[in-house]
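Below is one structure, written out as structure tokens; comments come after it.
Since every read-out is calculated from the coordinates, none of them should be taken as a lab result. Just so you know, these numbers come straight off a predicted model, no measurement behind them. Cβ atoms come from the backbone with ideal geometry, glycine included; neighbour counts cover every protein chain shown.
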Amino acid sequence: MSRLRRFFRTPEAIAGALILALLVAMALAAPLLFPGDPQAIAGPALRPPFQDWSLPLGTDRLGRDVLAELFHGARTSLAVGLAAAAAALLIGAVVGTLAGFAGGLIDEVLMRITDAFQTVPSFLLALAFVSIVGPSLGVVVAAIALGAWTGPARVARAEVLSIRERDYVAGARVIGMHPLEIAFREVLPNALPPVLALSSVIVAAAILTEAALSFLGLGDPNRVTWGGMIAEGRTVLRTAPFLSIVPGVALVLTVLGVYLAGEGVVEGTAVRRSLS
Amino acid sequence: MTALLSIRGLRVAYRRDGVEVAALKGVSLEVDAGERLAIIGESGSGKSTLALAVAGLLPGSARIAGEIEWRLPADAGARRQPSHPRAPILGRDIGFVFQDPSSSLDPVMSIGKQIAEVARTHLGLGWRDAYARAKTLLERVRLPNPDATLRAYPHQLSGGQKQRVAIAAAIAAGPGLLIADEATSALDTIVQAEIVTLIRQLVAEDGMTLLFISHDIALAATLADRIAVLRHGELVELGETRQIIETPRHAYTSSLLDAYLGLDAAPLLDHQGARA
Amino acid sequence: MTRALILIRRRLVGSIFVLLIVIIGSFLLLEAAPGDAVDAYIVSTGGDAGMIELLRHRWGLDQSELTRLANYLWALLHLDLGQSVTFSRPIREIILERLPTTLILMGSATALSFGLGSALGIYAGARPGSFRDRFLSIGSLALYAVPGFWLGLVLIVVFAVDLRWLPIGGIESIASGKTGLSRVADIAIHLVLPVSALGFIYLALYLRMMRAGMAEAWRQDFVLAARARGLSRRRIVLAHVARNALLPLVTMLGLQSAQMLGGSVVIESVFAVPGLGRLAQEAVAGRDTPLLLGIILTSAVLVIVINFLVDLAYAFLDPRVGASEATA
């Protein structure tokens, strides 16, 4: 429990946690508060916000309820953000551990592959991947993970390189444990903390990348996305700018919340390190 | 002999994670102008704290009580006589040499520049004159190839050479007081003796007052007129060097002397037939 | 000079490997795309089964995968990136046309983000914990959370639509026939908003890095030693602390180039700037996989070159780099 208290030390962490809680609530409550298809027509087109209380944020170009779209969009952003980050962390941790533990040629090859993935701009890679395979939620998650795994991989490898010299690893070798088993049962769990420290940054980047992909029309067409909403609002930018501005504000607040919460976690663990 | 510096009842406490740790618990002593005073103690004795307090380099979070009174000579050629005793200016009146030569120099700035900037700041010299002065100083501290050294960077020098540079920078503006805080502790034994010799020469040449802080009472004895012994933040003994070494009055001083093994001490082990 | 040569040699070998992996990866992606160049060609031009087979044979698409890979590599060696489906022109030509615009955009945005970002970072880091430090810290975090394309739209709404100070998009006024200095000025005006949008996002990054770097540098012992030598606070901040904190930022410049290329895709789309990024979006819209992969390859080369230049700059700034090898 003290760890939680440490996390809440800074006002930034509290703000971040609050924002994230709000976001999760929005995502979970969406089908309850706004049942039915959010992309269905709910009223007259281009109704301004704060005029009709059944349509608090107004309607878009086709008459869809903006508030409903906002809530449902939260689901997509959250789902993609978390899934892509989890995938990137998993792939990165595995690759990094293999490279760091095996050493030699395997390490060289894996590191060159990592270099290659870092050399190609991750957004272009995601663009190409979604364009070729086809836009759906799973593909978008995979596309983002393809660009994001390199960071965790390098961190994991660096950790493993220092861990593998330690006594308990030598001990496991003496017992006769298979190297792969040692790598994934002894070494990887201890290499995880710095890798997990990257998670908030990766989640934030994933949310932003998903928004950009949706903005360019590469999001899942069956789902409401904030990026898609912004793209739609672009056509009526002069007359109804709020259609593009509102989902953007939602994005900023969400990503900000992720960053702040992430920094709060880092602060909490950093304090612990300095005390010990 | 006029007292340059009067310390009365000096108390210093550090705040660490909410807890106050007392480093000095009421130390009083006087330093005469032109004398060489050694301050001896083990780790935790507060000797470095005393040095930093005298120089005014304690961190802002430190709590200081007591008095430090200065009687500085008026500036030669000053247009006005100060109406009240002035406070010492770091670099100009006090030169400070730190323990670790590797970390007291900026790694990305050339040696010459680091010495020259001190001369520029306090003596109002232009860069060209400041560099000339730096070269003279490098010669005074017996560094070979002063021209090359001016352009060199800290990582290209050995520990002893770096410490000579640090000393040169400390005396660049011609201070009246030189504080050497464990200036030899991070160096090899032979280099230690060289640096002590150098300090003795420079102090004599410039008529500086010397505060030599060390844990090595024997080393200090080769250099100092008087020795002050600190233990757990308190002044335990203070006297002429000869008297302290030959007839220590306090038990702690005796134990410090006993712990020192000189080459003229009787061998502890009889090596007849035994091979190490 | 020897330090630089050692770096060059080492980098060159590594980069070739990386490029090879990128090329093979691109080839695999090309293969994974449904339909091939002939299918795309037929869609726009029409033809029967016999024609399809003829074209397949002519273009070597009926051969084994390995042979096709070899052909692909051979073509690349001659800097032949193939033919674009949507534009029916050599890809190399199109890319070279669009490349300078993107380079200008990226270069200006980098200058803005790095210059202004580090300056503000120094300003914040000069007094850690002060009000301006915390303000800039939170502010930069909020800025970093802003999606680039959304910032672009907001800037358009405010400056182009409402205030009408700046043009909405494009790189220059169409058919104005301007030349020389007035043309440069025209392009510059058009670039203000896109450069701002692209630059402000990454400004936050450099600001935070500089701030963190300054906080780290303040803790270094040589800062205490500098104070002990009586140097003015201003000199310590600028000549010592900032100079040391700058080094990791220079490394970041190289790493950021890849991200900024990605960012230019959306920015160029929003502002209708005819650069490489916009070309990528057009390639996606037109399902022009060869063009898209050509852009990816070009980007990879660009990133490698930029990283290399940055490393050279870093070696110049940090006298400790390569020292052990150069003196050997």
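A few points about this structure:
- Cα convex hull of the stretch C:57-191, projected area averaged across orientations, nm²: 14.7
- Summed residue charge, Cβ within 11 Å of C:Thr298's Cβ, Lys/Arg positive, Asp/Glu negative: +2
- Relative to the dominant Cα principal axis of chain C, helix C:289-317 is inclined by about 30°.
- Charge sum, other residues only, whose C-beta stays under 12 Å from C:Ile91's C-beta, Lys/Arg counted +1 and Asp/Glu -1: -1
- Charge dipole (debye, nearest 20) of the stretch C:187-325; +1 at Cβ of Lys and Arg, -1 at Cβ of Asp and Glu: 860
- Charge dipole magnitude, Cβ of K and R +1, D and E -1 - the stretch B:108-199, Cα centre, debye nearest 20: 360
- Nearest-ten-degree value, helix C:180-218 long axis tilted from longest Cα axis of chain C: 50
- The P(r) of the protein assembly as shown has a tail past 39 Å containing 55 percent of all C-alpha pairs.
- Ordering A:Phe34, A:Ile230, A:Gly96 by Cα displacement along the dipole of chain A toward the positive end leaves A:Gly96 in first place; charges were set at the Cβ atoms of Lys, Arg (+1) and Asp, Glu (-1).
- Reciprocal of mean inverse Cα separation for the stretch B:21-60 (Kirkwood radius, Å): 11.4
- Relative compactness, the stretch A:75-122, computed as alpha-carbon Rg over 2.2 N^0.38 Å: 1.40
- Net charge of Cβ neighbours under 12 Å - reference B:Ala259; Lys, Arg +1; Asp, Glu -1: -3
- Derived from the Cα gyration tensor, the three semi-axes of the equivalent ellipsoid of the stretch C:119-191 are 36, 16, 9 Å, largest first.
- For the stretch C:124-253, alpha-carbon Rg over 2.2 N^0.38 Å: 1.44
- Shape parameters for chain A, alpha-carbon atoms, Rg then Dmax in Å: 22.0, 74
- Given B:Lys47/B:Lys113; B:Lys47/B:Lys135; B:Lys47/B:Lys162, the pairs whose alpha carbons are separated by over 26 Å: B:Lys47/B:Lys113; B:Lys47/B:Lys135
- Chain A: DSSP helices with Cα axial extent of at least 18 Å and average Kyte-Doolittle hydropathy no lower than -1.0: A:11-33, A:66-102, A:104-119, A:150-163, A:199-215, A:242-275
- Calculated log₁₀ intensity ratio I(q)/I(0) where the Debye formula runs over C-alpha points of the stretch A:48-96, q = 0.14, 0.20 Å⁻¹: -0.51, -0.69
- Of every Cα-Cα pair in the stretch B:154-246, the percent that sits beyond 15 Å: 62
- One Cα centroid belongs to the stretch A:22-94, the other to the stretch A:215-260; the line between them spans 10 Å.
- Simple rule: put +1 on each Lys or Arg Cβ and -1 on each Asp or Glu Cβ in chain B, find the dipole, and look at B:Gly91, B:Gly41, B:Ala130; the Cα lying farthest toward the positive end is B:Ala130.
- Cα-based Rg of chain C normalised by 2.2 N^0.38 Å, two decimals: 1.22
- Rel. contact order, % - alpha carbon contacts under 8 angstrom, at least six apart, chain A: 26
- Between the stretch B:22-71 and the stretch B:177-205, the alpha-carbon center distance in angstrom: 19
- Along the axis of the charge dipole computed for chain C (Cβ charges of +1 for Lys and Arg, -1 for Asp and Glu, origin at the Cα centre), the listed residues C:Phe27, C:Phe271, C:Ser257 are led at the positive end by C:Ser257.
- Taking C:His190, A:His178 and counting other C-beta atoms within 10 Å, the order from fewest to most: A:His178, C:His190
- Between the stretch C:124-154 and the stretch A:120-140, the Cα center-to-center distance that results, in Å: 30
- DSSP bridge analysis restricted to chain B gives an antiparallel fraction near 55%, rounded to the nearest 5.
- Spread over its residues, the convex hull of the C-alpha atoms of the stretch A:1-142 is 194 Å³ per residue.
- One equal scatterer on each Cα of chain B, no solvent, Debye formula: the resulting log10 I(q)/I(0) at q = 0.07, 0.09 Å⁻¹ is -0.28, -0.46.
- Coil-residue chymotrypsin sites (Phe, Trp or Tyr not before Pro) of the stretch A:110-196, DSSP, other Cβ within 10 Å capped at 14: none
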